[in-house]
Every structure is written in structure tokens, then in C-alpha cells.
Amino acid sequence: MKPLNDYILLATFTDNTVKIYDVKPLFTTIDAFKSLQHTPGLFEQVKVDVGGYGISWNDYLDLSCDDIREKVIIKDKEKIFKYA
């Protein structure tokens, strides 16, 4: 998991699938995610959870790997690099 510019995540799965996930829509649907905007450096602290079933920033902010796989904004590996 790699945080990119503009609250975008680059996700690489164990099967070598690479996807891009935009976190910004969560700012308007889940209040807790607003802290990623308002707490300097928090977004960059994203880490893969033990076992690889999701990601988290802290005890209150997390996403499942299924959410990331299903709600991607770009699936084309060539276009992904423009966000890096």
C-alpha cells in the first residue's frame, strides 16, 4: 500500500494486481475519514493490517481489502503511474 498525491492509494495485492483507490469520497460519507484531511501526515501513515485483510491508519480508520478491490478508479496499470 502506497499513499499518493491527492488522497489516492496505490494498492498491490498478493496476486500482483495493482489498483488505484481514491479516498476522497469517504470524506463526505464517513465523518471519521475527515481526519485524514485535517491531521497533517496521517494519510501517509497508512499500513496493511496483519494478515493482509485490509488497511488502517489508526484504531478508528480502516478499510477492507474488498472495498479497495471493488471501488477502484483505475485498473489499467499504464495509467496508474501518472498518480505516483
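The values are calculated or read from the model by the stated rules, or taken from the named source; none is laboratory data. What you see is a predicted model, and the numbers here were worked out from it, not measured in a lab. Positions of Cβ are generated from backbone atoms using ideal geometry, with glycine treated the same way; all protein chains shown enter the neighbour counts. Protein only, heavy atoms only, side chains kept; ligands, DNA and RNA dropped before computing areas. Shrake-Rupley method; radii C 1.70, N 1.55, O 1.52, S 1.80 Å.
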remark   = With the first residue restricted to the range 1-28 and required to be closer than 14 Å to SER64 by Cβ, and the second required to be among the basic types (Lys, Arg) and assigned to a loop (DSSP other than H, G, I, E, B), Cβ contacts under 9 Å at 6 or more apart or on different chains are LYS19/LYS75; TYR21/LYS71
key: Failed criterion for PHE13 (all others in (1) modelled with pLDDT of 90 or more; (2) open to solvent by less than 50 Å² (accessible area, probe 1.4 Å) hold)   = (1)
message = Just the residues that are under 20 Å from ASP6 (Cβ atoms), open to solvent by 80 Å² or more (accessible area, probe 1.4 Å) and modelled with pLDDT under 95, please, taken from the range 45-72.
response = LYS71
note = For the range 29-44, the count of residues that are out of contact with any strand residue (DSSP E or B) (no Cβ under 8 Å at 6 or more places or on another chain), modelled with pLDDT of 95 or more and within 18 Å of CYS65 (Cα to Cα) equals 1
